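One structure is given below, encoded as structure tokens.
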Amino acid sequence: MVQAFGLLIFSWMAITGSLMFFIGIEPETDLIEMIEELHEIGEGIIPLYLLLHIGAVFAHSIVGKPVWQRMWSFKLKSPNE
């Protein structure tokens, strides 16, 4: 669920950023302002997502399933390990 939330946020940022790039900044219209505001909201949500992600790693470690160790290993492991 945490990963899906992250994908949603970063997709939101990519879509709004692309719209601003392709539509253009000038002339300043209500549509451009709305897209910029949506992009700025995403900028605020990203740090919250990072805290949620780190919290999920700690929660997994507390319940005995330390997933952070896979980040430092290049071996493929089965999901049951």
How many residues, within segment 21-35, are surrounded by fewer than 15 Cβ atoms within 10 Å (Cβ to Cβ), under 30 Å from L52 (Cα atoms) and not aromatic (F, W, Y)?
2
Residues satisfying the stated conditions in segment 44-70, i.e. surrounded by fewer than 11 Cβ atoms within 10 Å (Cβ to Cβ) and under 24 Å from S11 (Cα atoms)
G44, P47, L51
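All of the numbers you see were taken from the coordinates with simple rules; none came from a lab. It should be emphasised that the depicted structure is a prediction, and the values quoted were computed from it without experimental measurement. Cβ atoms come from the backbone with ideal geometry, glycine included; neighbour counts cover every protein chain shown.
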